[in-house]
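Okay, so here's the structure we're looking at.
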Amino acid sequence: MKYDVVVIGSGPGGYVAAIRCAQLGMKTAIVEKYNTLGGTCLNVGCIPSKALLDSSEHYHAAGHKFEKHGIELKDLKVNFPQMLKRKDEVVTQMTKGVDFLMKKNKIDVHVGVGSFIDKNTILVSGEKEEKIEAVNVIIATGSKPSSLPGMEIDKDRIISSTEALKLPEIPKSLVVIGGGVIGLELGSVYARLGTKVSVVEYMDSIIPTMDRGLGKELTRVLKKLGFKFHLSHKVTSVENKGKSVTVKAEGKKGEIELDADYCLVAVGRRPYTDGLNLEAAGLKTDERGRIDVNDHLQTSVPNIYAIGDVIRGAMLAHKAEEEGVLVAETLAGQKPHIDYNLIPGVVYTWPEVASVGQTEEQLKADKIAYKTGQFAFRINGRAVAGMDLDGFVKILSDEETDEVLGVHIIGPRAADLIAEAVVAMEFRASAEDIARMSHAHPTTSEVTKEAALAATGNRALHM
Ligand code: FAD
Ligand code: NAD
């Protein structure tokens with residue numbers, strides 16, 4: 001059978017690309033090496049981590065907020081196996097949903113490792129071997145956890161996010177290497193469940209690539225949760241001692257040594273192309289292991305495209321999805337476009353952190369004159385009612401035109417609040433536009449309105 005399109009990899013990039021190709025009338029197949037579809041995101045990433053974040057946040061609220069709300073609980077305790085079971089059920093529900101979508105869109109699913117025989121032929125090595133032919137191929141093979149040079153993730157005491165989502169018990173202590181998204185999200189899960197969490201971060205701030213104000217506020221909040229931070233520290237060794245680990249790191253004031261039950265290595269992810277046999281298709285990877293693509297996400301071999309974590313750019317599920325749609329529509333002769341500046345980034349701690357557009361640091365580096373409007377959640381009625389007092393919304397707008405250039409939020413459900421900023425920036429709104437829109441009262445979205453009022457003319461109403 002010759003397909004119009006064969007997609008290799010069924011993560012959010014791959015399965016969305018396949019659906020859009022099928023919608024546009026192309027005979028489509030997807031190749032996935034695992035038995036469940038959905039890739040990193042659904043199986044060992046976005047979805048299971050959010051399930052555990054929600055469960056642990058409920059537990060933490062029950063222990064720390066309920067009494068103040070006038071709700072008394074006796075003998076509050078965690079049933080960790082049940083927490084993990086619910087997480088697995090959520091994952092199964094979501095991956096089954098992708099099975100359904102493949103059937104509904106008449107996409108053939110081939111289970112096995114896909115590798116190139118030539119630029120139009122894929123060998124699928126699963127329970128049996130089969131060759132499938134394709135006019136066009138989309139590589140969506142994603143990424144795997146990175147490790148540190150000379151340090152092995154042994155999956156026993158020295159673990160990646162995958163193992164951290166299914167530990168046999170709640171650790172008493174956990175050292176996290178890397179104060180980025182994974183380290184802080186999974187660190188939060190365990191800190192809420194009572195684990196002593198220490199973070200060793202190479203840079204002088206956590207979430208260092210986001211607007212610096214966010215990292216500062218998140219550090220303050222996570223310290224209240226019990227996190228210990230060792231910033232500007234370079235890890236020099238990690239040793240599995242059987243029932244514990246020892247992490248050594250070098251800082252400006254000398255070496256520190258941390259002992260813990262587990263060490264979570266969360267220093268980024270690397271593009272994954274193992275087993276693809278790219279050379280047979282005439283492709284190679286760049287110095288960082290990524291597949292090189294042009295603006296149409298086309299590789300140097302014209303009938304082969306690549307999307308998601310395996311190419312340049314943010315390693316985010318929604319970025320991979322947009323790219324899947326872009327390739328499908330390009331193949332159908334359309335002229336789609338992605339504005340990468342408007343892809344939001346979110347950290348699902350509590351409070352959540354969410355950003356879109358330019359940071360203050362980027363605007364300064366690019367010598368763009370800007371105005372800042374910032375408003376705190378502690379002044380907002382809904383936030384006070386819900387006892388969510390930490391955080392703020394910061395809006396950066398062009399000094400001259402007032403166009404919104406960046407929105408940076410740390411606060412309750414910031415992940416949802418950022419959508420308004422994305423819409424505004426998509427339509428090139430000014431801070432004044434947001435300030436004049438009616439925002440329902442009482443909602444935390446009023447903090448965005450107030451920050452816009454502050455940015456457009458220093459005229460926040462409740463400050
Ligand atoms: P992947 O999801 O990695 O999928 C690639 C698929 O290709 C896999 O199923 C793999 O088995 C398959 N594959 C690889 N090689 C072959 C081959 N040769 N043959 C057949 N199949 C192959 N992003 C967010 O936006 N929001 C979040 O909240 C979020 N949380 C995360 C939490 C964690 C713990 C982790 C690890 C990641 C998280 N991410 C999150 C990142 C997100 O998971 C990735 O950006 C996203 O999954 C990338 O999608 P993808 O389609 O490019 O690749
Ligand atoms: P990351 O890039 O977010 O963070 C890695 C951190 O490790 C950085 O702060 C970096 O400075 C630090 N670091 C690097 N080397 C170090 C060293 N030797 N010692 C100490 N610190 C070191 O990477 P991650 O947290 O591993 O996440 C991987 C990818 O998965 C990210 O690209 C992210 O976009 C994606 N992800 C997204 C979400 C989300 O959207 N909510 C959640 C989880 C993962």
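The values are calculated or read from the model by the stated rules, or taken from the named source; none is laboratory data. Everything numeric here is computed off the predicted structure, so don't read it as measured data. Cβ atoms come from the backbone with ideal geometry, glycine included; neighbour counts cover every protein chain shown. The area values use the complete protein model at the heavy-atom level, side chains included, leaving out ligands, DNA and RNA. Shrake-Rupley method; radii C 1.70, N 1.55, O 1.52, S 1.80 Å.
Considering only residues in region 297-331 that are without any contact (Cβ under 8 Å) to a residue 40 or more places away in the chain, open to solvent by 10 Å² or more (accessible area, probe 1.4 Å) and part of a loop (DSSP other than H, G, I, E, B), the one that is farthest from Asp286 (Cα to Cα) turns out to be Leu316. Return a yes/no flag: does region 427-445 have any residue that is without any contact (Cβ under 8 Å) to a residue 12 or more places away in the chain and closer than 17 Å to Trp350 by Cα. Checked region 427-445: no residue is without any contact (Cβ under 8 Å) to a residue 12 or more places away in the chain and closer than 17 Å to Trp350 by Cα.
Of the residues screened, Ser355 is one that is over 29 Å from Lys68 (Cα atoms), open to solvent by less than 60 Å² (accessible area, probe 1.4 Å) and outside any helix (DSSP H, G or I).
If you go through region 156-179 and keep only what is open to solvent by 20 Å² or more (accessible area, probe 1.4 Å) and within 12 Å of ligand 2 (Cβ to nearest atom), you end up with just Thr162.
Selection within region 309-339: residues that are among the hydrophobic types (A, V, I, L, M, F, W, C) and in contact with a Lys or Arg (Cβ under 7 Å, 6 or more places away or on another chain). The member of this set that is nearest to Arg269 (Cα to Cα) is Met315. If you take the residues of region 418-449 that are open to solvent by less than 20 Å² (accessible area, probe 1.4 Å) and out of contact with any strand residue (DSSP E or B) (no Cβ under 6 Å at 6 or more places or on another chain), which of them is nearest to Asp339 (Cα to Cα)? Looking at the filtered set, the residue picked out is Ile434. Tell me, please, whether a residue that is hydrophobic (A, V, I, L, M, F, W, C), more than 30 Å from Gly373 (Cα to Cα) and either modelled with pLDDT of 95 or more or outside any strand (DSSP E or B) (or both) can be found in region 179-190. Checked region 179-190: at least one residue is hydrophobic (A, V, I, L, M, F, W, C), more than 30 Å from Gly373 (Cα to Cα) and either modelled with pLDDT of 95 or more or outside any strand (DSSP E or B) (or both).
Of all residues in region 123-167, those being within 21 Å of Arg290 (Cα to Cα) and more than 13 Å from ligand 1 (Cβ to nearest atom) number 4.
If the condition is being surrounded by fewer than 20 Cβ atoms within 10 Å (Cβ to Cβ), assigned to a helix (DSSP H, G or I) and over 19 Å from the mean Cα position of the chain (by Cα), then region 1-56 contributes only Gln23.
In region 370-386, the residues that are outside the structural domain of Leu396 (by TED's automatic domain parsing) never reach a residue that is among the hydroxyl-bearing types (Ser, Thr, Tyr) with C-beta atoms less than 9 angstrom apart, at least six apart or across chains.
Every residue, every condition in (1) within 11 Å of ligand 2 (Cβ to nearest atom); (2) surrounded by 15 or more Cβ atoms within 10 Å (Cβ to Cβ), yes or no:
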site	(1), (2)
Leu231	yes, yes
Thr246	no, yes
Ala249	yes, yes
Lys253	no, no
Glu257	no, no
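Anything in region 396-443 that is more than 20 Å from Arg378 (Cα to Cα) and part of a loop (DSSP other than H, G, I, E, B)? List them, or say none. Hits for region 396-443 are Glu399, Glu400, Thr401, Asp402, Phe427, Arg428, Ala429, Met437, Ser438. When region 204-220 is filtered for residues that are in contact (Cβ under 8 Å) with a residue 24 or more places away in the chain, farther than 19 Å from Gln358 by Cβ and either open to solvent by 10 Å² or more (accessible area, probe 1.4 Å) or within 15 Å of ligand 1 (Cβ to nearest atom) (or both), the ones remaining, listed by number, are Asp204, Arg220. The residue that is farthest from Leu222 (Cα to Cα), counting only those in region 45-83 that are of a type in the set (A, V, I, L, M) and touching a Lys or Arg at 6+ places or on another chain (Cβ under 7 Å), is Ala51. State yes or no: is Val137 in contact (Cβ under 8 Å) with a residue 60 or more places away in the chain, of a type in the set (A, V, I, L, M, F, W, C), assigned to a strand (DSSP E or B) and within 11 Å of ligand 2 (Cβ to nearest atom)? So Val137 does not fit the description; no. With the structure loaded, tell me whether Gly226 is crowded, with 21+ Cβ neighbours inside 10 Å, touching a Gly at 6+ places or on another chain (Cβ under 9 Å) and either part of a loop (DSSP other than H, G, I, E, B) or free of Cβ contacts under 8 Å to residues at least 12 places away in the same chain (or both) or whether it fails that test. Against the criterion (crowded, with 21+ Cβ neighbours inside 10 Å, touching a Gly at 6+ places or on another chain (Cβ under 9 Å) and either part of a loop (DSSP other than H, G, I, E, B) or free of Cβ contacts under 8 Å to residues at least 12 places away in the same chain (or both)), Gly226 does not qualify. Counting only residues that are within 25 Å of Leu53 (Cβ to Cβ) and buried (at least 24 other Cβ atoms within 10 Å of the Cβ), how many does region 397-417 have? Within region 397-417, residues that are within 25 Å of Leu53 (Cβ to Cβ) and buried (at least 24 other Cβ atoms within 10 Å of the Cβ) number 6.
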